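Below: the structure, in structure tokens.
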Amino acid sequence: MKRTTRHPMRRIIVSAVLLVVLVGVFVVKLVDIQVVRASALNAQSQDARSTPVKVWGARGDIVDANGTVLADSVMRYDIVVSPKQAKLAVVERVASASGDTTKEVDLTTEELVAGLTPAAAELAPVVGLTTDQVVGIITSKLAENPDSDFAFIAKQVDTATYDAVKALEIAWVYPEEHPSRTYPNGAVGGNLLGFVQADDGTPLAGLELAQDQCLAGTDGEVSYLHSASDWVPIPGTEIVQKQAKDGGTLKLTIDADLQFFVQRVLEEQRRATGADWATATVMEVKTGRLLAVADVPTVDPNDPSATDADDRGSRTFTAPFEPGSTFKAITAASVLDAGKATPLDQIVAPYKYYPSNGADINDSAFHEDERLTLTGVLIESSNTGMSKFGERLTDRQRYDDMKKFHLGEQTEVGFPNEETGDLHGDPDEWDNQTKYATMFGQGLTTTAVQIASAYQTIANGGVRMPVQLVDGCTTPDGETTAPPSKGERVISEKAADETSQMLERVYAEGWLADTWNIPGYRVAAKTGTAQFADGNGGYRSGYLVSVSGFAPADDPEFVVSVSINNPVKMNSSAASAPVFQKVMSQVLKKYRTVPSGAPAPDLPATW
Amino acid sequence: MSALPANVLPAESKPAPRRAPERGRWLRPAPEPGRRAKPTLAYAIIAVAGVAAIVVAQLLLSIAITQGAYDIDHAQMQQTKLDRQEQQLREDLDRVESPQYLAANAEALGMVPNASPVLLKLSDGSVSGDPTPARAGAEASGPLVPNALIDGVPLVTEEPAGETPKKQAKGGGERAAAGAAGAAGSGGAQTPEDPAAPPVSDGLPTPATH
């Protein structure tokens, strides 16, 4: 009895254990496949059945202050051929012509060329090549590698060409998408915008480079299963491998219309005077925003190679020069701020002045001793007179003021290759001549934008605003970065106002008073004619002539600063004055500035 | 007396014959399964039919979805094509909107910029500036601020009457269909201006002044 009952029990137990073990094995395997290795296996199966497709993340636009698009991303196309398929097509045609499709055909080069020619002849004019060139691309690729499946026929062609290529319906020719960049306004702001490398979109210069973090998009990737015959995606099989992300929109403070006008006027004058290059800057006094920054010769970012490599940057930021007499306004402001002089303090300005430290100062043209006030020194632009006022401050005091004007350092713009300018080291390192030369803008270098910023400070009652070229970056999600807008006081309001009044006298009484006259407005301006270092420790024969000023002087709104380098046909600041006059007139007109009321206060220049 | 036992007896004998019929009654329901078989078949048919319906519905649904996929694909292709067209037209528009093109057209029409503005102050009626006519013969702006994009785009004055520069801007007329679609597209955007824009052959547009 016991044996018979025990046997089934044992069998049951044995089979139960077996069952449990078996199920356990299955469960383990199941978990292994479904959980542990799930993602790897899924990926493997996806890879086997689907094709990943690249999704381009568009590079952001660059727009001006009014939203005019200055740099735009557009889709362009690369025309690609498959040399292998092209050859196969010829082989098939030859085989079917001979009526023997089973035999393998060995093409001679001549046969191949002859076979390719009809299609190539259709394709060539569309992509702007000759038939021989198209055939040559295919045959040379095949010579390298008989299985070659990829060769570029044309890069970056536009939509019209794309449609034309598609219409040819050549099986072994297909276009590939390739985003590109266009600059609808051409050279307007070209030197600021910079440009990108044509074939791969790498930013190479200007704001394209400096603000790449804002502008650059991230390419994504999706994959999906598709039907075998017509590549229609099967519903529900799309997998986003990587989300594509568009770049942000970069908004500038520049006004494209004004920028066009300034560039036009400046280039006209550069050509008329035979100058090497010129820059003009328009800045808003109360905010420090740059409304126009013109650099000529100008690069058209659609075609940067048409411009010399040296002319493709923005010299406003990258070319330091000795500012010359425009700097006297800064020295005068320092002296007034320290309370060491008033606009009517009197000195005698000789032609030659030998300070006690052994320096040797002279004015640009011979004159008898002149009895000038500080205002008169600025009007006459007397180096000796300026030296007599400048020496009332210590070198260290003047140097500290220059630092407060943010000279000798990059502006907040941070343009690629922006120069800091050079204050000739520390005042302790200045030699005796430099100690005096720095009072009238020699022996130190500044960039054009630094001078514009210094005049902005004087115009704004002594408060320097951060220089702004970029208004902000708006991401596709709508987040916007705001630039800093906090000003800092550099000189007292009284000193700034007095300097402004003296500069008004320069405008009204200086030798260019007729050239730069703007009826209806009070203007403050100062010319500069500076020697330009030749790079070998000496000075070049030509001058860098400049005008900086602001208007309306009773309530300053705009700074205009013009520099023209080596105008061989007119080597004085008379070359830059008309540009200043035209640009300032246009700015005042454009922004509907209210004309000045009371006339400028009169300050005697002599005594 | 006798009646009582007689009564009792049948009473005593009753249980025996009653048990027999009781057993018979217990077994009697046996045929019932035959009657129940009928609804089971109906259920089976319903179930099978239901499954079949579900299968067919799913098939139809997936056919519909697949058809939808083709529709979507078709629509997407069309969208891509229209996007391309839109981009092409926008590029044309950008080209003719550029300041260089406007300036070149203005110059072609004989316009020159006036560099000496004159201001009339309403508060006291004073005029500042000398009213001088703009001088002709200013240098053409084209080469001063180049724009590679407008090379070869004809100016207003070079166009046949009645054409808008946009259509002509980029070697148009390659594709009749696209051209027609483009004209329709741009026409929509331009509607407010179109009736007001006079044909160039009739001379310069005259602004309405108030």
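Along the charge dipole of segment A:435-569, pointing to its positive end and built from +1/-1 on Cβ of Lys, Arg, Asp and Glu, which listed residue (A:Gly542, A:Thr446, A:Gly462) has its Cα farthest out?
Highest projection toward the positive end goes to A:Gly542.
Computed from the mean reciprocal separation of all distinct C-alpha pairs, what Kirkwood hydrodynamic radius does segment A:477-549 have, in Å? Each step should come with its number before you reach the end.
Working: mean 1/r = 0.0625 Å⁻¹.
Value: 16.0 Å, from the Cα pair sum.
What residue among A:Asn517, A:Ser50, A:Gly478 has its Cα farthest toward the positive end of the dipole of the protein assembly as shown, where the charges are +1 on Lys, Arg and -1 on Asp, Glu, each on the Cβ?
So the residue furthest toward the plus end is A:Ser50.
Given a Förster radius of 30 Å and the C-beta distance between B:Glu158 and B:Ala134 as r, what FRET efficiency does 1/(1 + (r/R0)^6) yield to the nearest 0.05?
Once the sixth-power term is evaluated, E becomes 0.80.
Roughly what would the spin-label model give for A:Lys54 and A:Asn536, points 7 Å off Cα along C-beta, in nm?
According to this spin-label approximation, the distance is 5.0 nm.
Residue-wise, which Karplus ³J(HN,Hα) couplings in Hz belong to segment A:346-352, taking 6.51 cos²θ - 1.76 cosθ + 1.60, θ = phi - 60°, and x for glycine or proline?
Taking θ as phi minus 60°, the curve returns 10, 9, 10, 9, x, 5, 10 Hz for segment A:346-352.
For chain A, what does the helix formula give at 222 nm: sum of -39500 (n - 2.57) over DSSP H segments with n ≥ 4, over the residue count, nearest 500 deg cm²/dmol? Don't skip to the answer; put the middle values down first.
On the way: 19 runs with 220 residues, N = 607.
Computed ellipticity for chain A at 222 nm equals -11000 deg cm²/dmol.
Given the options A:Val413, A:Tyr436, A:Ile379, identify the residue whose Cα lies farthest towards the positive end of the charge dipole of segment A:358-486 (+1 on Cβ of Lys, Arg; -1 on Cβ of Asp, Glu).
A:Ile379
How much length is gained on full extension from A:Ala38 to A:Asp369, taking 0.36 nm per residue of separation minus their Cα-Cα distance? Each step should come with its number before you reach the end.
Numbers: separation 331, 0.36 × 331 = 119.16 nm, distance 9.50 nm.
Result for the pair: 109.7 nm of gain on full extension.
Using the Cβ atoms and a cut-off under 11 Å, what net charge is assigned to the surroundings of A:Ala244, where Lys and Arg are +1 and Asp and Glu are -1?
Working: positive: A:Lys54, A:Lys242, A:Lys245; negative: A:Asp219, A:Glu221, A:Asp246.
Charge balance in the 11 Å sphere: 0.
If you take each beta carbon of peptide A:450-460 and count the beta carbons of other chains within 10 angstrom, what is the mean? Please list the in-between numbers first.
Numbers: counts 0, 0, 0, 0, 0, 0, 0, 0, 0, 0, 0.
Shielding by partners across A:450-460 averages 0.
First measure r as the distance between the Cβ atoms of A:Arg489 and B:His74, then evaluate 1/(1 + (r/R0)^6) with R0 = 60 Å and state the FRET efficiency to the nearest 0.05. Before the final figure, lay out the partial values.
Values: r = 67 Å, r/R0 = 1.11.
Once rounded, the FRET efficiency stands at 0.35.
What are the aspartates and glutamates whose alpha-carbon lies under 16 Å from the alpha-carbon of A:Lys141, with same-chain residues fewer than 8 places away excluded?
By straight Cα distance, A:Lys141 reaches A:Glu110, A:Asp132, A:Asp149.
Just list whichever of A:Lys251/A:Lys582; A:Lys403/A:Lys486; A:Lys403/A:Lys435; A:Lys404/A:Lys589; A:Lys494/A:Lys526 have alpha carbons separated by over 21 Å in the model shown.
Details: A:Lys251/A:Lys582 27 Å; A:Lys403/A:Lys486 17 Å; A:Lys403/A:Lys435 16 Å; A:Lys404/A:Lys589 33 Å; A:Lys494/A:Lys526 19 Å.
Checking Cα-Cα distances, A:Lys251/A:Lys582; A:Lys404/A:Lys589 exceed 21 Å.
Looking at the square roots a ≥ b ≥ c of the eigenvalues of the Cα gyration tensor of the protein assembly as shown, which shape do they give, rounded for a/c under 1.5, prolate if a/b is larger than b/c, or oblate?
Working: a/c = 2.76, a/b = 2.12, b/c = 1.30.
Verdict is prolate for the protein assembly as shown.
When N counts the residues of segment A:30-99, how does its alpha-carbon radius of gyration compare numerically with 2.2 N^0.38 Å, as a ratio?
Values: Rg = 24.3 Å, N = 70, 2.2 N^0.38 = 11.1 Å.
Against the empirical 2.2 N^0.38 Å value, I get 2.20 for segment A:30-99.
Averaged over its residues, how many other protein chain Cβ atoms are within 10 Å of peptide A:176-188's Cβ atoms? Could the numbers behind the result be given before it?
Values: counts 0, 1, 0, 0, 0, 0, 5, 5, 13, 11, 12, 7, 6.
If you average over the peptide's residues, the count of other-chain Cβ atoms is 5.
I'd like the Karplus ³J(HN,Hα) series for segment B:94-104: coefficients 6.51, -1.76, 1.60, θ = phi - 60°, whole numbers in Hz, and an x wherever there's a Gly or Pro.
Values, residue by residue: 4, 4, 7, 7, 5, x, 4, 5, 4, 5, 4 Hz.
Take peptides A:590-596, A:432-438, B:48-54 and line them up by average Cβ neighbours within 10 Å, highest first, as a rough protection proxy. Write down the numbers at each step before the final one.
Numbers: A:590-596: 14.9, A:432-438: 19.7, B:48-54: 10.1.
Ranking the peptides A:590-596, A:432-438, B:48-54 by packing returns A:432-438, A:590-596, B:48-54.
Enumerate the calculated ³J(HN,Hα) couplings along segment A:515-521 in order (Karplus 6.51 cos²θ - 1.76 cosθ + 1.60, θ = phi - 60°), each rounded to whole Hz, writing x wherever the residue is Gly or Pro.
Each residue of segment A:515-521 in turn: 5, 10, 5, 10, x, x, 10 Hz.
Taking accessible area as the heavy-atom solvent-accessible surface of the protein chains with a 1.4 Å probe, which residues of segment B:78-99 lose no less than 20 Å² upon going from the isolated chain to the full protein assembly?
B:Arg84, B:Gln87, B:Gln88, B:Arg90, B:Glu91, B:Asp94, B:Pro99
Once you have a ≥ b ≥ c as the square roots of the Cα gyration tensor eigenvalues for segment B:62-106, tell me rounded if a/c is under 1.5, and otherwise prolate or oblate according to whether a/b is larger than b/c. The partial results should precede the final answer.
Working: a/c = 9.80, a/b = 8.86, b/c = 1.11.
Cα axes put segment B:62-106 in the prolate bin.
Give the long-range amide H neighbours of A:Val80: residues separated by 5 or more places, or on another chain, with amide H under 5 Å away, using H modelled in the peptide plane at 1.01 Å from N.
The answer is A:Ile153, A:Tyr174, A:Glu176.
Give, in nm to one decimal, the length gained when the segment between A:Lys155 and A:Ala143 is fully stretched (0.36 nm per residue of separation minus the Cα-Cα distance). Please report the intermediate quantities before stating the final value.
On the way: separation 12, 0.36 × 12 = 4.32 nm, distance 2.21 nm.
This chain segment gains 2.1 nm when fully extended.
I need the calculated FRET efficiency for the pair A:Leu88 and A:Glu221, taking r as the beta carbon distance and R₀ as 30 Å, to the nearest 0.05. Mind showing how you got there, number by number?
Working: r = 30 Å, r/R0 = 0.99.
Efficiency, rounded to the nearest 0.05: 0.50.
Can you give me the long-range amide H partners of A:Trp277? Hydrogens built in the peptide plane at 1.01 Å from N, cutoff under 5 Å, separation of 5 or more residues or another chain.
Amide H neighbours of A:Trp277, under 5 Å, 5+ apart: A:Asn565.
About the Cα centre, and with charges only on the beta carbon of Lys, Arg (+1) and Asp, Glu (-1), how big is the dipole of the protein assembly as shown? Nearest 20 debye, please.
Details: 72 positive and 103 negative charges, 1328 e Å.
Here the size comes out at about 6380 debye.
Modelling each spin label as a point 7 Å along the Cα-to-Cβ direction, I'd like the A:Thr475/B:Ala57 distance in nm, to one decimal.
About 4.6 nm separates the two model spin labels.
Taking the Cα atoms of segment A:529-607, report the difference between the largest and smallest coordinate on each principal axis, in whole Å and largest first.
That works out to 49, 40, 21 Å along the principal axes.
Would segment A:305-393 count as rounded, prolate or oblate if I go by the C-alpha gyration tensor, calling it rounded below 1.5 in a/c and otherwise prolate when a/b exceeds b/c, oblate otherwise?
Working: a/c = 2.69, a/b = 2.03, b/c = 1.33.
Prolate.
In terms of modelled amide H atoms, which long-range or inter-chain residues lie less than 5 Å from the amide H of A:Ala71?
Amide H to amide H, under 5 Å and 5 or more residues apart or across chains, A:Ala71 pairs with A:Ile62.
Full-extension gain between A:Gln433 and A:His7, please, as 0.36 nm times their residue separation minus the C-alpha to C-alpha distance. Don't skip to the answer; put the middle values down first.
On the way: separation 426, 0.36 × 426 = 153.36 nm, distance 11.94 nm.
In short, 141.4 nm is gained.
Can you compute the modelled spin-label distance between A:Thr202 and A:Val28, with each label point 7 Å from Cα toward Cβ, in nm?
Result for the modelled spin labels: 5.4 nm.
The values are calculated or read from the model by the stated rules, or taken from the named source; none is laboratory data. Quick caveat: nothing in here was measured; it's all calculated off a predicted structure. Virtual Cβ from ideal backbone geometry, glycine too; neighbours counted across all protein chains shown. To get the accessible areas, we keep the full protein, side chains included, count just its heavy atoms, and leave off ligands, DNA and RNA. Shrake-Rupley method; radii C 1.70, N 1.55, O 1.52, S 1.80 Å.
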